[in-house]
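Asker: Got a structure for you, questions after.
Here, each number is a calculation from the coordinates, and none is a lab measurement. Just so we're clear, the structure is a prediction, and the values are computed from it rather than from any experiment. Cβ atoms come from the backbone with ideal geometry, glycine included; neighbour counts cover every protein chain shown.
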Amino acid sequence: MMKPLRILYICTTFPKLSEQFIQREVDGLRSDDFELEVVSLWGGEKSYKGDHIHTFPKWELIALLWMVPWAVLQKPKILFAAIGKLLSGRPPSVVNFFETLLGMGFAFIRWVSLGRDPPDLIHGIWATSPVSAAFFLSDLIEVPFSMGAHAFDVFEDGGDWHLKDKLSKALLVHTSSQSTQRQLMDWGVETSKVKVVRRGLTDYPDFKPLRSNRRPIRILSVGRLVEKKGFFYQIDIFKALKRQGVAFNARIIGSGSLDVSLRDYRDTSGLRNELEFWGKLAHKDVQKQFVWADVFLFTGRVSSRGDRDGLPNVIGEAMAHGVVVLTTDVGATTEAVEHEISGLVLPGNDEHVWFDSIQKLVEDNVTMERFRTNGRQWVEEHFNAHKNSGKLRKAFQLAVHMQSHSG
């Protein structure tokens, strides 16, 4: 019987309420021929569905006092190369600098114990601290690494510190959208190593019936309250709806740094009765909001730091429920929402176009049903976590197989 492939799967925080898609990916990756060992670098739980999670308590960093001298004796070239990385160039942000230190610290503390029984592959799910850990650990225990490179990793502040070095050295690069894949190709990353594998749902919700009377129309948005989500623009859309007398109830689910500013803007815009902020909700409670809604708005944009979404998982979730999606064309949204086929793709600078579109959807049952049916079909074909995790699992297996035969 063939030995299962062992993957050290490094996360920032696992499990995390706002990253249900990572939990679904882990569920889909587990199989008889695939052994997954999950690491949570910053907090997280010690177990997940009965399986042990390798957490990294920060008090362990004191071990650097003797692990660094040990590395000087055992792995001097690797240690000095790592120090050289820290001294080269400028990190795009203070946060990214400390993310790199966290990943490096994990690598230099755990390399001896992991080296006693090394995995076949180390995978960092984000290009920040998880891939920093994988990048340095790979040299220390002589095991190849693969990496995730998603929209945040690639676009915010021009990308993660040392991102291009990581991309060059990685055995495999997993991204979840074609738009991010194109950026990676533009940087010269080998076509053969970049694999586009979407996230997805493990179970599909019931496809709810269309509400025949959509007065007031129910509008939902889910996301962190940060600049790239475009919630101030969304409030401008609601102002246009109210000015024109369109009855609506809107809910925004999520929390973030713009919470107070957005609530103030809602109040000064005279929308206190129409727009509710529900804060952060548990995943099961978010699903209840999809059941409530008629349409889902995604008003994403490119932030002042270059960050943007790829394909937000909430778009797939909305389409699965039968909620019609209206979106800007930022990131990879149009990979799921085809204009006038499975939803509407609208401009990010003209709220009146959004007003006109929403007003028509209040009355037009035929169009609503077409969008809903086509949206659900796209989800079933492209947003299946079991199927997509299977593709990722095969990509890991092929990459390790090719590496072992080329070496």
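Asker: Is it possible to state the helix-based mean residue ellipticity at 222 nm for the chain, with each DSSP H run of 4+ residues giving -39500 (n - 2.57), the sum divided by total residues, to the nearest 500 deg cm²/dmol? What is it? Mind showing how you got there, number by number?
Answerer: On the way: 15 runs with 185 residues, N = 407.
Calculated mean residue ellipticity at 222 nm is -14000 deg cm²/dmol.
Asker: Could you identify which residue out of Ala332, Ala127, Ala282 has the top mean-square fluctuation in a GNM of the chain using Cα springs shorter than 10 Å?
Answerer: Per the Cα network of the chain with a 10 Å cutoff, Ala282 tops the list.
Asker: Same structure, new question: What does the charge dipole of the chain about its Cα centre add up to, to the nearest 20 debye, if the Cβ of each Lys and Arg holds +1 and the Cβ of each Asp and Glu holds -1? Intermediate values should be presented prior to the final figure.
Answerer: Numbers: 51 positive and 48 negative charges, 70 e Å.
The calculated dipole for the chain is roughly 340 debye.
Asker: I've got another one for you. Out of all DSSP beta bridges in the chain, what portion is antiparallel? Express it as a percent rounded to 5. Before the final figure, lay out each step's value.
Answerer: On the way: 3 of 44 bridges.
Of those bridges, close to 5 percent are antiparallel.
Asker: Looking only at Cα atoms, what is the convex hull volume of the chain per residue, in Å³?
Answerer: Values: hull volume 60.0 nm³, N = 407.
Value for the chain: 147 Å³ per residue.
Asker: Going by average Cβ density within 10 Å per residue, which order do the peptides 232-245, 144-157 take, highest to lowest? Show your work: numbers first, answer last.
Answerer: Working: 232-245: 18.3, 144-157: 23.1.
Top to bottom by mean Cβ count within 10 Å: 144-157, 232-245.
Asker: A follow-up question, please. Sort 375-383, 304-312 for me by packing, meaning the mean count of neighbouring Cβ atoms within 10 Å per residue, highest on top.
Answerer: On the way: 375-383: 18.4, 304-312: 20.2.
Top to bottom by mean Cβ count within 10 Å: 304-312, 375-383.
Asker: Still on this structure, I have one more. So which DSSP H runs in the chain come out at 24 Å plus along the axis (Cα) with average Kyte-Doolittle of at least 0.5?
Answerer: Numbers: long enough: 94-116 (34 Å, 1.03); 365-382 (25 Å, -1.52); 385-406 (31 Å, -0.78).
In the chain, the long hydrophobic H runs are 94-116.
Asker: Where Lys and Arg each count +1 and Asp and Glu each count -1, what net charge lies around Ser255 among other residues with Cβ under 11 Å from its Cβ? Display every interim value, and only then the final one.
Answerer: Numbers: positive: Arg224, Lys280; negative: Asp259.
Result for the local shell: +1.
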